[in-house]
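Working notes, beginning with the structure itself.
The values are calculated or read from the model by the stated rules, or taken from the named source; none is laboratory data. Keep in mind the model is a prediction, meaning the values are calculated, not measured. Neighbour counts run over all protein chains shown; Cβ positions are idealised from the backbone, glycine included.
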Ligand SMILES: [Fe+2]
Ligand SMILES: [Fe+2]
């Protein structure tokens with residue numbers, strides 16, 4: 001620990017999140033509790049009928065949330081739907097916890113809930129992109145131009161805020177939200193590696209190996225993220241700050257669960273990962289600049305430094321050895337690579353905007369600090 005660092009008490013907020021939730025309870029909070037109850041029901045598929053009242057109340061709320069989110073743009077509804085979807089999707093990863101948590105991993109009922117949310121949500125997402133225009137582009141040219149632009153984009157107002165204004169509390173808030181992905185990063189990539197061997201597959205494996213520190217926990221990227229959080233005495237458990245995660249960030253995770261789950265979307269996933277790796281260094285340079293301005297320790301910024309180096313390489317590999325060869329192999333479907341790329345960018349930008357909004361609100365209102373004091377008194 002460095003003496004100029006403050007300890008960040010969000011961990012305590014998280015521990016008391018149930019108290020906080022009960023104060024601001026809404027119909028979505030109640031429905032989320034019902035969902036958790038269903039999730040924890042042993043052999044759920046055979047007990048859906050026996051839980052008819054919970055099920056029908058939950059499903060009513062789900063339906064009204066779908067129209068509130070995708071017809072009226074209600075943020076609470078977006079959040080509720082993405083949290084439920086994530087609650088189902090996360091069962092595809094192993095969390096080294098109680099094995100009974102996975103009893104309903106292949107539940108048909110949960111699968112039908114996922115279908116309902118995904119169908120409405122994905123239609124809404126796709127409607128924001130001019131798919132017909134994408135089907136006409138010169139794919140290789142489009143990918144090369146986009147990657148060149150996203151490698152070093154002009155600074156947005158959000159980037160400026162992070163670089164020039166964000167306080168140490170804001171930095172910790174950023175770590176708390178980003179830890180949702182940072183502590184399990186690379187997990188999504190692990191889900192699409194099996195199958196026929198070729199150069200594309202080997203490049204993807206190479207990226208995964210680097211994300212996973214070539215099998216050494218001390219070099220795994222998530223370990224560097226954990227070290228940053230430990231510098232501030234933060235909770236380093238995965239999902240430790242789940243309640244702070246905006247729906248826009250959850251949507252990125254859920255979108256990746258979908259495109260890695262369905263091999264039909266392999267080109268979309270590959271295009272999306274190309275954007276993710278290409279655009280990483282520019283985002284991480286913002287965070288590194290903030291950490292340097294705040295005179296934080298090396299460990300408190302190590303993850304960003306590592307990624308600026310490694311993701312420049314990963315971005316090149318993804319473009320040259322994955323996306324462009326796939327464009328050649330699948331000429332009539334190749335536009336899906338651009339769709340995946342553009343969607344990942346759209347969703348990442350939206351998530352980055354939401355994260356900065358959340359940090360600014362917390363900084364301006366001091367709401368986090370007030371909340372902590374209330375809980376402690
Ligand atoms: Fe990484
Ligand atoms: Fe990477």
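Just a few scattered comments:
- Here the helices (runs of 4 or more DSSP H) wholly within the range 1-97 that include at least 1 residues being at pLDDT 95 or above are 27-39, 52-70, 75-89.
- Answer residue from the range 185-217, given it is surrounded by 11 or more Cβ atoms within 10 Å (Cβ to Cβ) and more than 14 Å from ligand 1 (Cβ to nearest atom) and is modelled with the lowest pLDDT among those: 191
- The range 220-238: number of residues that are closer than 14 Å to residue 173 by Cα and more than 15 Å from ligand 1 (Cβ to nearest atom): 8
- Single residue of the range 300-331 satisfying the filter (away from ligand 1 (no atom under 13 Å from the Cβ) and surrounded by fewer than 17 Cβ atoms within 10 Å (Cβ to Cβ)) that is nearest to residue 150 (Cα to Cα): 316
- Any chance residue 296 is under 23 Å from the mean Cα position of the chain (by Cα), modelled with pLDDT of 95 or more and either away from ligand 2 (no atom under 12 Å from the Cβ) or not in a helix (DSSP H, G or I) (or both): no
- Checked against the criterion of being more than 16 Å from ligand 2 (Cβ to nearest atom) and closer than 28 Å to residue 132 by Cα, the candidates 327, 279, 290 yield just one match: 327.
- For beta carbons closer than 9 Å, sequence separation of 6+ or different chains, a first residue in the range 37-56 that is in the same structural domain as residue 90 (by TED's automatic domain parsing) and at positive phi and a second that is surrounded by 12 or more Cβ atoms within 10 Å (Cβ to Cβ) and not in a helix (DSSP H, G or I), the qualifying pairs are 43/103; 43/104; 43/107.
- Total residues in the range 299-321, condition within 21 Å of the chain's Cα centre (by Cα), more than 10 Å from ligand 2 (Cβ to nearest atom) and either under 22 Å from residue 347 (Cα atoms) or part of a helix (DSSP H, G or I) (or both): 5
- The set of residues in the range 133-153 being farther than 20 Å from residue 279 by Cβ and in a helix (DSSP H, G or I) consists of 133 alone.
- Selection status of residue 343, in the same structural domain as residue 190 (by TED's automatic domain parsing), free of Cβ contacts under 8 Å to residues at least 60 places away in the same chain and in a helix (DSSP H, G or I): no
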